[in-house]
Structures are given as C-alpha cells and as structure tokens.
1. Would you mind stating whether E194 is farther than 18 Å from F157 by Cβ and either of a type in the set (D, E) or touching a Leu at 6+ places or on another chain (Cβ under 7 Å) (or both)?
2. Based on what the data block shows, is L196 open to solvent by less than 20 Å² (accessible area, probe 1.4 Å), within 18 Å of the chain's Cα centre (by Cα) and of a type in the set (A, V, I, L, M)?
3. When P37 is evaluated against the numbered criteria (1) touching a residue at least 12 places away in the same chain (Cβ under 8 Å); (2) more than 23 Å from G150 (Cα to Cα), which criterion, by number, is the only one it fails?
Amino acid sequence: MSEDVLLETRGAVGLVTLNRPKALNALSLDMCRALHPQLDAWAADASVKAVVIRGAGGKAFCAGGDVRAVAGSVGRTEGGASLSSEFFLAEYALNHRIHHFPKPFIALVDGICMGGGLGLSVHGGFRVVTEKLVLAMPETGIGIFPDVGGGWFLPRFPGETGTYLGLTGARCDAADAVWLGYATHRVEASRLEEVLGALVAADWSGPAHHVVAHVLAGFIAEPGTSTLEALAEVIHRCFQGNRVEDILAALEREGSTWAQETRATLLRMSPTSLKVTLRQLREGRGQDYDTMARVEYRLSQALTARPDFREGIRAVLVDKDQKPRWSPATLAEVTEVEVEACFAPRPGDELVLPSFG
C-alpha cells in the first residue's frame, strides 16, 4: 500500500487521508492504485456506511494529478503501455468509482483543490469546504484541458461560469464554490476534526444519506458573498461564443478592467488547449458523465503527447519562468483538423468503464 494515501476504518466510516503534504497531496499513480480497490471493498462492506476523504498538512486537499511526473514519463513505457496512459486510465477509473459510489462520499476540502482534486471530490455526494478553499481548473496554462470530468461538471455550473473557469483557470473561494453548486456545505477549518468525529459517532440506523446531511447541518457556517456571482451576467455575455476568437472579441467589446485582464489571461494560455477545451465544454452540455470520461481519456492522450504539455510543465512547475513558448503560438495557427484529431477514437487504447447497477 502507498504511504501517500492512508486508508482506515473508524466505526462505520471509511477514512481516506491523502498524505503527500509536501506535494500539496498531488495524486500519483500509486495513490490511485491503492485507493480504488479499497473503495470497492468499502462499497461491498455492509458495516461501512459512508466514506470520508481529506488531505493532510493543512494547506491543500489535493492540488491535482501529479502532472509533472506524467510529463517526465512521456515517451517512456511500462509493460508496453505509456505511463501517461497508465496514469490517466487509473485516475479516470477512480473518478468513475467515486461518481457511482453507492454510499455517501464526503470530501472535506480544506485549502487548495485544483484539477485532480476536483475529480476526488465533485463526484461524491457531499463537498464540505472551508474558508481556506482555493478552487481552480488551471489546465489550459500547462497545455492540457480541464479533465477529471470537467467536460461534464463545468457546463453544469450557472450560466457560462464553467466556460470561464475552464478556459482561464480563475480561482474561486468558498463563497464562489457554494454559489456554483460545487460545495454542498461550508464549515470552519478548525471544526473539520469535529465533523469527522460526529460522523464516526453518528447513529447509522437510518438512511445513510440522511444521517450525513443531519450531521453536516450542525456545522454549517455562512459562506459569505460570491465575487463570481456578481460577475455572472458579464461572464455569460462574454463567454457564450462557440469560438475562442468570439470570446476574445466579446471581452474586447466589454472593455472593463475585468474584461481586459481576462482577455490578457486567455492570451497567455495554450492556444491548442483553449480550442480543445471550448469544444469539450460545448460537447459536455448534452452528454452524461461516463460518455465525457471516455472523451477526456482520448484528449488526455492526444494533448500529453503534444509539445505544449511539456512546455507548460517547464514554464509553470519546473523553471517557473511563467513564459511558455506554445506551439502553435497563436489561435489562428490551430486548425480545426488538429482539434478534431484530439477527439478521435483510439482503437486499442480507450477508457473502458464498468457498469454499476
């Protein structure tokens, strides 16, 4: 078992602790492989009524998938399969297990939650956030796309806020998360241990979902005012286009300081990632989660094989100069043929998901 994820049972509660605090609990392949079978076991164990997942260290729930390791593995293979393939297959299968988990799945989301952290939380029935929350999907800035189900959950946020968050990587706080519908409850970080203790001590004789809801209701704190909600109208006006170029033009017409800063942010992102992401989000409006998970696996393999991914990791996580040199360098150079190719089926290399009754 990986020491980077701690798995234990406390009373009727299965407890997952992501235990890579120095890496902000970034999700690795070994962590996926340790956690998934334990979730299967807890799902089948009648004595386990609910599962709680949290992050160690107090700074982050989970800062995302370990993309730096994936970038370093591009081109290498393990047992005939690329490490990129192995990682995304394992991560997406884990997200799918959580999405279809038959018992209450409660994420205690304290601090940073980005990318893969959303995959470990948004698919569960309860997302408890604290005043320290920093929520984002920053993938277009490293040459990939908002995955882990982003094509399914981002279009279901109010208006075009999901489009805005997916393209720009903008950060949200607890009030934003509650307004978006990501967070089901807001509590004080200082009370998270108390929340866990109350769940462990609960009387589980009634329906488990009702038990969890009753326990969490006793800890709710006011979320505050959402900045994102205040921007919802202008976000909808500017981000409803079906071409990235149209969104940039709408921001230019808007002309406000926010619009100018948002436009500048978009122009720093990978042009290929922006075009692929916008199509992903538009397709996801009319698709269920399982369908989008299969699409996202294809995208994960297409985009991690492109130079923008390694360049984005270099600029943001390795050299940290924040000056990626994208290829192609402009939106005009990204052809529809290139975008279409990213969505193409991959015979012999598809995400195969089990069907849960």
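1. yes
2. When the stated conditions are applied, L196 does not pass them.
3. (1)
The values are calculated or read from the model by the stated rules, or taken from the named source; none is laboratory data. Everything numeric here is computed off the predicted structure, so don't read it as measured data. Here Cβ is always computed from backbone atoms with ideal geometry, including for glycine, and neighbour counts include all displayed protein chains. Just so you know, the surface numbers come from the protein's heavy atoms only, side chains and all, with ligands and any DNA or RNA stripped out. Shrake-Rupley method; radii C 1.70, N 1.55, O 1.52, S 1.80 Å.
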